[in-house]
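*Asks:* For reference, the structure I am asking about is given below.
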Amino acid sequence: MKLLVTFSRRKGYEPIIAKAVKETGVLIRVDRAHIDSSGGEVLIDVPEESCRLVSEKMGSLGATVKILEHPVVRDEDECVDCGACISICPREVFTFDGEWRLAMEVEKCVLCGKCIDACPHDALSQQVPG
Ligand code: SF4
Ligand code: SF4
C-alpha cells in the first residue's frame, strides 16, 4: 500500500521514517523522495496490514500521511488500449492482457507522472489524496 508522507522541518529534524521503522517494526520501502531544507514529500510502500499502524505513527511524529489506494487511475471509457503508457512507464505497471486490453499493477507505481503526460486520450490521472 502506498502512503504519501509530507513533513516540515521547521519543527526540527525528526528522522520520521527511521523512527517509524524502529517503533513499529514494519519494513518501509521508499519509492520516491523529494526532501530539502524546509521539508519533504516521500512516497513509501508498506504491507497493507501495517498501513494504519505506520500512518498513525508517522502522524504522531508530525508528518501528514495520505493513503493512496490507487496511485494512478485509468478512465476505462477514455482508454483505447493504444499501449503508449506501457513503453513510457519505468516500473512496468502496464501490460496487455491476453485480449490486448490494458492491465495495470498499480502497486508498482512510484507516481512519476510520465504515463499521465503520455496518454493521448487523457485517460490517466493521479488519485487526489483523501
Ligand atoms: S496511453 Fe492512455 S489510451 Fe493508451 S493504453 Fe495507456 S491509458 Fe489507454
Ligand atoms: S506514474 Fe510513473 S510509475 Fe506510475 S504508472 Fe505512471 S509512468 Fe508508471
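Read-outs throughout are calculated quantities, based only on the coordinates presented, and are distinct from any laboratory measurement. Just so you know, these numbers come straight off a predicted model, no measurement behind them. Cβ placement follows ideal geometry from the backbone for every residue including glycine, while neighbour counts extend to all protein chains displayed.
*Asks:* With the crude spin-label approximation of a point 7 Å out along Cα→Cβ, what separation in nm comes out for residue 64 versus residue 105?
*Replies:* 3.3
*Asks:* Angle check, please: helix 51-60 long axis (alpha carbons) against the longest principal axis of the chain (alpha carbons), in degrees 0 to 90, nearest 10.
*Replies:* Helix 51-60 and the main axis of the chain meet at about 40 degrees.
*Asks:* Where does the chain land at 222 nm, in deg cm²/dmol rounded to the nearest 500, when only DSSP H runs of n ≥ 4 count, each adding -39500 (n - 2.57), divided by all residues?
*Replies:* So the calculated ellipticity at 222 nm is -5500 deg cm²/dmol.
*Asks:* Report the full-extension gain for the segment residue 33 to residue 75: residue separation times 0.36 nm, less the Cα-Cα distance, to one decimal in nm.
*Replies:* Contour length minus the Cα-Cα distance gives 12.4 nm.
*Asks:* Rounded to the nearest 0.05, what FRET efficiency do residue 8 and residue 91 have when you use their Cβ-Cβ distance and R0 = 25 Å?
*Replies:* It comes out at approximately 0.30.
*Asks:* At R0 = 25 Å, how high is the FRET efficiency between residue 50 and residue 82 if r is their beta carbon distance? Nearest 0.05 is fine.
*Replies:* After rounding, the FRET efficiency stands at 0.10.
*Asks:* Explain nothing, just the number: relative contact order of the chain, from Cα pairs under 8 Å at least 6 residues apart, as a whole percent.
*Replies:* 26
*Asks:* In terms of Cα to Cα distance under 26 Å, which lysines are near enough to residue 114, apart from those fewer than 8 places away along the same chain?
*Replies:* Here the lysines satisfying the reach criterion relative to residue 114 are 2, 66.
*Asks:* From the residues 47, 3, 21, which one has its Cα farthest along the dipole of the chain in the positive direction, the dipole being from +1 and -1 charges on Cβ of Lys/Arg and Asp/Glu about the Cα centre?
*Replies:* 21
*Asks:* Could you work out Rg/(2.2 N^0.38 Å) for the chain, with Rg from alpha carbons only?
*Replies:* Normalised by 2.2 N^0.38 Å, the Cα Rg of the chain equals 1.18.
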